Amino acid sequence: MTNRILEGFRVLDCSIAMAGPFAAQRLGDLGADVVKVEPVTGEWQRHAAAGGAKGNEINVSFLSLNRNKRSLAVDLKSAAGKEVLLRLVETADVFLQNYRPGVAERLGVDYKTLSAINPRLVYVSMSGYGEDGPHRNLPGQDLLLQAKSGAMLSTGRHGEPPQPAGQYLVDAVTASTAFEAVLAALLHRERTGEGQLVKVNMLDAITTLQMQELSVFTAGRVPQQRGAEPHAHVYIRSPYGTFKTADGFLALAMPDLPTLGRVIGEDAFLEMDSEVHGWTHRDEVFRRTADRLALRTTEEWLADLTAAGIWCGPVYDYEQLVNDPQIRHNGTFVEYDHPTEGHVKTPGFPYSFEKTPATIERGAPLVGEHSRDVLDEAGFTPEEIAGLMESGAIVETKLPDPVR
């Protein structure tokens, strides 16, 4: 095992779905010992296969969000199971949960309770809309929060239904926000010795991500105004977006209009001022650009536009992205062998450290695969572990024997 930045830190990951598990996985990638504390029937995401990709023993949704973790399957609704978790808190560094508001208190694993056991604990509470307030009980689901964030009305045509992002955007940015918050809280603890409560909610995460857009609205007093054409962003001058070519699509970003006019043969652009007409004639500029770009192939346009210094690029599908030479050069995807899912290729790490690189030490675990090991390390006796298993307070799933 290489020397990794968070080696020696232990994280109790009691989260479900995407945002919490993704944040905890990032901590595991940097070397933290992440113990996934999940119900004896397995975390919810084990039973919800995105894209219908069910896998062998572990579906791809769970596989993608839970590498570099060990699984402890425990019944927190039982007195014995709750006692197990409280004992683990004694030596934990981070506790992460995204229960619905009020659930942590009902389970007796709220910050007040756990910080009394371990004052150095960094306790991360994640929610959809906040711990309190008028919307605290609304469902914290990605699409609903994209809609509430205002972001959808910065793209597309006026009068047409807004289009959400093609990613689980709110989940992903909330995960990154929580990951950053944990690192900052651990740095504070290194300096002062004290843990603290950290709150992260999805609504604030997606709102603050729009720092520039919302500042244009609140400080610049420029309203969102979608036009008749499918412009890619209401706060960027035309042409800006994706355009159909004779054989596919290309993306075009904020070209100088006279230069663009010379390249694509649109005389109307030659006398235009980009910073004036790109706003006042936004739909006309978009339509004229679209009409011209439809006449030739993507490759032909990319060559000519690039030669003229115009920002443009291809529109990839996932196969093209995976095989892109820069992606290959960067090592963006990682590959490893999983004991039940076979050879896995998946996105790797969004950062690079010269001396303490992120690594994959283990793939996503089976339900309770590490229950016995985690409790043994925490000081539970063999007799206690056997009793807990016999009572059903914890469960263990063993890896299948290797095929010979």
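The values are calculated or read from the model by the stated rules, or taken from the named source; none is laboratory data. Here the structure is a predicted model, which means the values were calculated and not measured. Ideal geometry is used to build each Cβ from the backbone, glycine not excepted, and the neighbour counts take in all protein chains shown. Ligands, DNA and RNA are excluded from the accessible area calculation, which covers all protein heavy atoms including side chains. Shrake-Rupley method; radii C 1.70, N 1.55, O 1.52, S 1.80 Å.
Worth a mention:
- Full extension of the chain between Thr242 and Thr208 yields a length gain of 9.6 nm, computed as 0.36 nm times the residue separation minus the alpha carbon distance.
- Of all beta bridges that DSSP places with both ends in region 121-265, some 45 percent have antiparallel geometry.
- Net length gained if the chain between Lys77 and Gln196 were fully extended (0.36 nm per residue, minus Cα distance): 40.3 nm
- Fraction of accessible area attributable to carbon and sulfur, region 164-270 (%, probe 1.4 Å): 56
- Measuring how big the chain is from its alpha-carbon positions, Rg and Dmax come out at 25.4, 85 Å.
- Helical mean residue ellipticity (222 nm; -39500 (n - 2.57) per DSSP H run of 4+; nearest 500) of the chain: -10500 deg cm²/dmol
- Cross-link pairs beyond the 32 Å C-alpha cut-off, checked among Lys148/Lys398; Lys77/Lys398; Lys112/Lys398; Lys54/Lys112; Lys69/Lys199; Lys82/Lys199: Lys148/Lys398; Lys112/Lys398; Lys54/Lys112
- Annotation: amide H of Ala228 within the under-5 Å range of His158, sequence separation 5 or more or interchain, hydrogens built in the peptide plane.
- Alpha-carbon centroids, region 128-150 and region 193-268: separation in whole Å: 24
- Surface exposure of the chain, expressed per residue as accessible area with a 1.4 Å probe, stands at 52 Å².
- With each label modelled as a point 7 angstrom along the Cα→C-beta vector, the Tyr336-Thr259 pair spans 4.4 nm.
- The chain: antiparallel DSSP beta bridges as a percent of all, rounded to 5: 45
- Theoretical FRET efficiency, 1/(1+(r/R0)^6), r = Cβ-Cβ of Leu183 and Arg221, R0 45 Å, to 0.05: 0.80
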